[in-house]
Every structure is written in C-alpha cells, then in structure tokens.
Amino acid sequence: MQTYDHKKIEKKWQKVWEKKKLFKALDPKKTAAKKTAKATLPAKKFYALIEFPYPSGDGLHVGHIRSNTAMDIISHKRRREGYDVLYPIGWDAFGLPTENYAIKTGIQPAIVTKTNTDNFRRQLKSLGFSFDWDREINTTDPKYYKWTQWIFLRLLDAGLAYKKRMTINWCPKDLIGLANEEVIDGKCERCGTAVEKREKEQWMLAITKYADRLHKDLDAVDYLEQIKTQQRNWIGRSEGVNFKCKIKDLGITVEMYNSVPQTYCAETFTVIAPEHPLVEKLVKGTSYEKPVLELVAKIKQKKLENKFDIDTDLEGIFTGRYIENYAGLGRDLPIWVASYALADYGSGMVNCSAHDERDYKFAKKYSIPLHEVAEPLAVTVGGDDAFRHDMPIVERNAVVCIVKHWAEDKYLCVSLKGVKWQGFVVGGIEKGEEPSVAGVREIAEETGYTSAHFEKILGGTIHAKFYQVAKGQNRFAHFTPALFKLKNGDRREITEEEKNVHESMSWLTAAEVDAFLTHEGMKLVWDRVVGRSKPAVKNGILIEPKEFKGREWSEVRNDIIEHLVHKGIATRAVNYKLRDWVFSRQRYWGEPIPVVHCDKCGIVPVPVKDLPVKLPKVKNYKPTETGESPLAAIDSWVNTKCPKCKGKAKRETDTMPNWAGSSWYYLRYTDAKNKKEFAAADKLKFWTPVDWYNGGMEHTTLHLLYSRFWHKFLFDQKLVPTNEPYAKRTSHGLILAKGGEKMSKSKGNVVNPDGIVEAVGADALRLYEMFMGPFDQAIAWDENGIVGTRRFIERVWKLREKVALDTKKSKAGVLQEVAGNTTSAEADKLVHRTIKKVSEDIETMHFNTAVSALMIAVNEMEKMPTISQDHYGIILTILAPFAPHVADELWASMGNKKSIHTEPWPVFDPAKIADANITIPVQINGKTRTRFEFPATDIAGMTDAQAEAYVKEKALNLDGIKDKVYSNNIKKVIYVKGRLINFVIG
RNA sequence: GCCGAAGUGGCGAAAUGGCAGACGCACAGCACUCAAAAUGCUGCGAGAGCAAUCUCAUGUGGGUUCAACUCCCACCUUCGGCACCA
C-alpha cells in the first residue's frame, strides 16, 4: 500500500471530476430528454446556494471555506439521494476596496478584478468543491450587469425608483464622498480631516412599499428564528395611532405616530426657544434647515416667543427622536424640529420610543421618585407647579431647558449628552439602598471639565451621587431616569473596579446642572409647559383618564387606541422603521444607472435595446470635486442624445450600490448565459426557489431584505414564479483571527489557505473546518487542530489494509446485499449508527459531531482484526462529502469503476442499531451512584409496571445502593422507562 | 443606545430536563529506535484518600424540579449587526 500523498490524489480527482462534468446541474429540458432515454434521472431538483464571494486582494478567506464546505456536503448528499443539484459559484466583484485600490495605484478596477477572480477560482478549485463551474457569473461583466440595469428600469417604470435630496459624507480635503466605513469618529479615514455633510440628489428605491409583505411573508419561509427576528426588528412593524398636533398660534398641524397609551397619559410637551443658538446649529447643513429657519423667522416676526402652544386636548407628550444614523446628529430634537424631519423623511424617521413599555418599566425600577430627591427644582409656570429639567449640550455650549409636570416621567432626570463621564461619582439609587460606591474622579478630558470644576461648584453645599446606569456608547438616553440623591452623600475613593468602567453615561440633576452652568457663566434658556398637571400613572396603574382608572396600562392598550380614535383625536396607524433604500453612489466601480438627463424631457430611461450602459475606461478613479462620480469627467461618455427627443442630453453619472448585483444573482445562475433574457422562464420555474441558502450572520438583514424586495417586485411583474426567493436560510459563524479579532489585511492576521492545502491537503482542511466547532457560532482560527483531521485521514487510509478483498465484488451502499461478507453484529451496529448520526447531523448542520462520529467509527474499526469490504465502503461513502478526494481514491482502490460521488446515499437499518443490553444508571436523590446492565430480552414481554418492578428490585440489591437505601426510608421512586431509576430518600 | 447571539477542563468542544466533559488538540508516562521524528498503548477538571470511594465543579445570584449546562427571573462579561465594508 502506498503512503497517503494528498497532493497527487487531490489534483488527480479534481481533474477527473472536471473532465466528466460530474457535478454539472442538468437543466429541465435536458433532464426530460435524459429521463426518457435512460429513465433514471430524477425530476426532483435541489438548489443549494452560498453567498458569492467578493474577490478581494487578500485571496480566499478560511471563512469562505467553512460556508462552501458545508453546502458542498449538503449538495453531495442530495445528489446521492437522487436530486438534480444546482450548486453554483460566481463573483460579487463591484465594490469599494477595488476602487480604492485603483485610486491608489491607477490600475484599472477591471484588471484588478480579473487578477483577483483568477486567484479565487484557483483557490476554490484546489479545495475540490462540487460547483457547477459552467454557470460562473461576475457582477462586473457587462453581460451580467446589463440585466441589473434592466431590472432597475423596471423599478423606475413601476414608480419605485425616485430622486431625493440627501446628505452625504464629504471630505473637504480629498474632495471625495465617503462611505460610512470611511468615516471614523467624524473624520476621514485617510487624511483625518473632519467630515462635512453635503447635499446631493440621490436615487432611492421605495422598499417601504413592500414593508408589510417583507414582514408578513417571513412566516412562510424556513429561516432560522434568529434571522426572522432580526428581519422583523429591522422592518420594525408596530401598530399604534397617528396623533394630529396643532400648534395653534402658527397654524401648523403635525401628525406624529405613537405607539399609544403612555402618550395618552402624559401631558407635557418639549419645546425650545427659537432664538436659541442651538436651533441654527442643529439644523445647519441638514435638509430641513430651510423650513426650520423659515419657521424661526415666522415666530420672530409674529413675536410669538414663549407663547406658542399645542392643542391641549390631545394630552400627548411628544419628544421627537431623530435617528442618528440618518441625520448624523445623534440627539433628540425638540418636537417642532423633529416634526420637520418627520415631514421630510416620512413617518419611519421619527420614533417616540422613549415612551414604550420597556423604558417605562426601566424607569419604574431605577428611578427615584421626585419627592425623594432632596431639593426638587420646583418652578411655577403659568400658575402651575412644575419641575424643571435642564439639558445641557456641552459641546455646543448650550442648554435646553425642559419643564415637566407630574407625568409618567415624574422622576427627575436630565441627560448630559456628549460627555463621557469616566466614573465620576457612583452611588446607589433605589430607595433604602446603601450607596455601593462613591467617589470623585476626573471627567473625560474631552469635555474640558475636570473634577475640580465640580468640586468647586458642588463642594460644601451639595454632595452629588451619580449612578452609572448604562455602560455603553456615548448616546442620549432621554427618559432613562435618574440617578442620584442630593442629600449628604458620602465620598469615597473610587475602586479599581470602577476605574475599569469606561464611557459610562451619567445623569445630573437639574440643580447640579444649574449650579454648574451658572458657574460657567452660562444661562438657562426659557422653557414652556403646556397641558394640565395631573398624575396620570402611578406604579404602572392608570389614574387618568377616568375610563381606564385602576387598570394596568399595558393591558388596556387597544382599548385606549379605540378611545382615542372614537374621540377623533387620532387615527389607527401602522408604523415601520424600515426606510427607503439609498440606491446611488458617487463612485466609478459600480453599475451605471441607465438614465439620461435631458433639458427638455427630464429624466429619460435608456432604451432596453441600448443596454448595457457600459462603464468607460477612465484615467482617474477619484470622484470629481463637485461630488459627482469620476464618470462625470468623461465628456465623451456623459454627453449623449436624448432617446426621446434626440436632443442633447447627459448621462447619469451615479452608479449603483454593491447590493444591486447581489440582489438577483441567484436567478441568473439558473440560466447564466442567456443573452435574450435575465433568465428563461422554464429554467426559473424548474430551479427556483433556492432550496437552501447559507451565508454569513452579517447578511441576515440588509442583503437578505434587499434581495427579497427585488424578488417580490419581479414576482409582481410576473418575471419570477415565486413570491420568496429562498425557501430556507441558515447562517454560519464568522471565523476570527487567533486573538478573537476580525481577520483583516490591515491587522495582518489573515490566514491564507494555500499553505494549508499544500501542507496537509484540502481534505484535511475541509474536515478541520467542519470539526473545529459548532457551525453557527463564531470561532477563533487555531491551526493546531488541523493535525488531528490529517491524522484521521491517514488512519482511514491505513484501515484499507484490514479490508478483506477476497470476497466477491459487492455493492457497498446497498445494505441489503451485504450477505456473503464476514460481518458481525457489533460491526454492523457501529456502521449503521454512524450512518444515522452522520446523515442526521448533516441535515441539522452539526458537522462537528458528524466528523466526531466518523472518528469514533474509525477508532473502533482499528480495534477489529478484519473489516468487511461493505463496512469500509459505507464509511467511505459517508466520509466522501467531507473529504471527497481521499474517499474517491480509496473507493477506486477497492476496484470500483465509478466515482464514489455517484453512489446512492446509504440508509441505516433500525434493526441493526438496537442494543442487546440495557444499562440503567441508579441515582439516589438525583445523584448517580452506580449503574447496572441486563439483557434487553429480560423485560421484552413485560408491561411497564412489571419492568419497573424488575429494575427496582435489581437496583435495590446493588452494592453501594442496598446499604444506603432501606425500604423504610424510600420516599419516592422515579423510574424513567429504559433510562434510569432514582430513589428519593429522606 | 437599539437588535441579536454566546459564556462548560490548559485549548476547540460534546450532552431529547435524566451517567457533565464524547471527539480532537496540547501535555505526561511507556513501547518501538543508537537517537530523534513518526506511530502505537496508557493517563489527563479540581480537591481528599493506599484503595474502594467521597466532596466540589458548566459566567454570577436567586427560583422551579425527585433531577438543571439545559427551563424561569435578575445581573456580569464577550462577540456580531445597525442602512455608503461586503
């Protein structure tokens, strides 16, 4: 027997498979033809899909191999179960890294992409994946993106693509629009210049029109619950009401969504002085700057300061929370600023979540009722008693002052935004609770305020105790309550433990803020309170309105909605968090958006016959100084004729985002070379939906949502036969670098699989990646374990010597025909149990335990003097999907002419896996003391009661049991049929 | 901050509410060898004991149960996503 030479074997079999086109997916017509000719080919299909890789310069990542091997195993199994399998591969090659590389080096992105895909293809082939390479696609191929552009035109035609003014990140030094990823701490990643906001018209896709279906249809697909939950959260459906708020003096009506009952119970309203410097600062550079400033002018002109009011019969509290990611402001805005944002972006943009149940419960638990705070800052506004909250915005030298009556937020709380309090002072908060810690420490330098400031302000008169509620990012938590008493707090040195707490957020009382600001020479801005002062909720029980008095508000939610609707205050509404998709990029390396701008005709789509609109070659890949894509600089390309009026027109210079090409690629695989259509209807009908789609956890929201959206649109256009693209979706965990960090070129911790394939072989690497840990969990890369799977392969190889080859040629896999071989019941049991375990584990993606089962089988077989050809053959056939090369080699060495990958998948025989003996653990008070074994035949004909009596009697006579258990001290006997017996003694 | 996931030996990890640590790595001893490597055999959570055996142990604190890694509540820590990275 030769020694195991992985290099020779792997190369050999890869060639054989490719030559015989062993893994080619057969299209419907051919299938039908073959079926009549041979009558063996199945009509049942299986479409296995992995996310097509982005061919980066780093080369193949070990994480790609994890996902690809898993679906490869499943594909192999399905083929051998008689399915016609489609397992395709391609390249998602448009994207920022390639473009940035081009900017730096001047090398054309198309050339970089060619080099990278060639490398990826070589690497993937070296791993022996059973892809159908004839269907390889590339999103940057004009033959492919022609159809991406075509789909865009359909969207445009259907009114789902539109233009809108938006802000983008802009680096004033590099004169380039930046992706979010390129902005670090508000600065440009490359040059460190502070990033500015710029206005730009952007193409949008109205994915929100599909929000309802994207949400609802999740019920009908077989996705991991985790994925469904994430998608649902992302879409963010909630049912509530729209309130109409009229600002009387200004004649403005604002409609705001709220998820109800708390809103109804609260009575205050947050406003801000129009002359406040904050106003301008907050809105400057934003798309709602204009209306807000207009409003400010209007207020000033009307001399309405301090007077504008809200319709009080609404009894609503509104605090507009403007979502940071979008506006780039990251703070709560006063309502009327927010309302403009709302009008601008639609109802999905503003979210009054501060009042939801969660926050309420949180507040209830952690807040100090106002009356327990030593000196509540009582103020009088319009004759009513109220409490003042001052919200300083430190980095802007400004304070928003809020005054509230008793309301659901009767807990005094004020937030300091933009301040990283590094464990300033910490104290207990709940009533009667002793302060766990206290002390003073420097406030983060960035605030410019040191503890000395506070010592000065607070020392002597007020001792502050802060409670660190949230360790987290530097965000505003509006109704997160607070935090500290003012009375006689002790100060202690801060402990080591506390010193380790970073970036905590703390809250100050109004009194302290007031003192602090006065000291700093700042003034409090005016405030205004509207509404009536009645406590509405007490301990979670409603007091007002009368109709619901005494009830838990969370229980009467729907009744309150009804009530509000009935009173005509509000209308029922469904709210989604989902926002429309910003579809344009001011970049070169993407699909050109196929429209032209004509002075006469406006936006005109490029006729389908003129597609694709090809990307021209350019010299400089940097975006232009005006914020347009580099395409704008190529006059010969930009200047064109209007397809409608034949007059002068200019091409759209924006390109599509990366998500475009990946939103429909799985459809193209079904008919990758079609020149007339994006895919032929009969092929789509045969192959779609994708039966099993596996990919990264990081794609469970965006990519999945975008492609589901496109698919649903295409379904509505009667272009695809199914409502959902993927029947089943699973996710794999990331493979991290050794320290648990993400692998990245910049950190220099990327593992190149080439060296491993060279050293131990693709089979060992594939086995290792399946064995290293649970498939769905993130795992740190550790090369040391590979020797284990390599040794395992060598043991399988060596085991070949024990196989009795003198028996006549048998058909392994067909278990009924085993007769004639030397077999034993024990060996049968082992092999059949392994078939069962491996088959089940593949279906549930528990690949680590599947490999372990194979290892156990081999360990056991090593102990046997000889192994039958069938038993060895079966082990090889179930090992084959994991280690395809060595399995085929050994299979051939047994005299088999056909590839192991065409063998039927073995089926286990339940009769052969049954145990002859039953082992029963014996417990005393739930703790296992001993166990005993008896032949299964002993209790074979017994009733359950008889069997129990039999086991009980045997167990009671065991050493170590009989001396501890007497019939008089047994309280209870628990017998779990065939599993264990437990004596409860007292 | 919001959403999601995870926490078990020196390490990667197994365990339908029913024998905690399968399988693998590392390590130690032995065999083979002039020697080393490779390979094979044995041992391998912690503590006590000559031993049989006993006690403790699945992030922390409670709870449910005859029985909890598993279910419930609260907390701590780590990781992932958050809309222009893909």
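The values are calculated or read from the model by the stated rules, or taken from the named source; none is laboratory data. Here the structure is a predicted model, which is why all the values come from computation and not from measurement. When we count neighbours, we look across all protein chains shown, and the Cβ atoms used for this are built from the backbone with ideal geometry, even at glycine. Accessible surface is based on the protein model in full, side chains and every heavy atom, while ligands, DNA and RNA are left aside. Shrake-Rupley method; radii C 1.70, N 1.55, O 1.52, S 1.80 Å.
Please give the FRET efficiency for A:Lys898 paired with A:Ala804, using the beta carbon to beta carbon distance and R0 = 30 Å, rounded to the nearest 0.05. My answer for the efficiency is 0.90.
Just the number, please: carbon plus sulfur as a percent of the accessible area of region A:672-781, 1.4 Å probe, no ligands or DNA/RNA counted. Please list the in-between numbers first.
Working: 2360 of 4320 Å².
Heavy-atom surface of region A:672-781 belonging to carbon and sulfur, 1.4 Å probe: 55 percent.
Accessible surface of region A:53-93, 1.4 Å probe: 46 percent of it comes from carbon and sulfur atoms.
Taking only protein heavy atoms into account and a 1.4 Å probe, give the accessible area per residue of region A:846-909 in Å². Write down the numbers at each step before the final one.
Values: 1970 Å² over 64 residues.
On a per-residue basis, 31 Å².
If you look at the Cα atoms of region A:889-986, you get an Rg and a Dmax of 21.8, 71 Å.
Compute the Cα gyration tensor for region A:626-684, then decide on rounded, prolate or oblate, letting a ≥ b ≥ c be the square roots of its eigenvalues: rounded whenever a/c is under 1.5, prolate when a/b is larger than b/c in the other cases, and oblate in all that remain.
Oblate.
Per-residue Karplus couplings for region A:97-110, computed as 6.51 cos²θ - 1.76 cosθ + 1.60 with θ equal to phi - 60°, are listed in order as x, 5, 5, 5, 5, 5, 4, 6, 9, x, 6, 4, x, 4 Hz, Gly and Pro entered as x. Excluding ligands, DNA and RNA, the accessible surface per residue across region A:600-666 is 51 Å² with a 1.4 Å probe. Projected over every direction and averaged, the convex hull enclosing the alpha-carbon atoms of region A:757-799 yields 3.2 nm².
Peptide packing: for A:785-795, A:140-150, A:612-622, the average count of neighbouring Cβ atoms within 10 Å per residue gives the ranking A:140-150, A:785-795, A:612-622, highest mean first.
Which whole number of Å³ per residue matches the convex hull of the alpha-carbon atoms in region A:603-650? Please list the in-between numbers first.
Details: hull volume 4.3 nm³, N = 48.
Dividing the Cα hull volume of region A:603-650 by its residue count gives 90 Å³.
Over region A:88-246, accessible surface divided per residue gives 43 Å², non-protein components excluded, 1.4 Å probe.
What the phi angles of region A:172-184 give under the Karplus curve with 6.51, -1.76 and 1.60, with θ = phi - 60°, is a coupling list of x, 8, 6, 6, 8, x, 10, 6, 3, 5, 8, 9, 10 Hz, glycine and proline written as x.
Amide H contacts under 5 Å for A:Thr140: A:Ala93, A:Phe94, restricted to partners 5 or more places along the chain or on a different chain, H placed in the peptide plane at 1.01 Å from N. For A:Thr700, no residue has an amide H sitting under 5 Å from its own, ignoring neighbours fewer than 5 places away on the same chain, with H placed 1.01 Å from N. The H on the amide N of A:Arg651, modeled in the peptide plane, is under 5 Å from the matching H of A:His597, A:Asn639, A:Thr640, each at least 5 residues off or on a different chain.
Leaving ligands, DNA and RNA out of it, report the carbon-plus-sulfur percent of the accessible area of region A:869-986 at a 1.4 Å probe. Walk me through the intermediate numbers first.
On the way: 3050 of 5920 Å².
Of the solvent-accessible surface of region A:869-986, carbon and sulfur hold 52 percent.
Averaging the sequence gap over all C-alpha pairs within less than 8 Å and six or more residues apart, then dividing by the number of residues, gives region A:138-231 a relative contact order of 26 percent.
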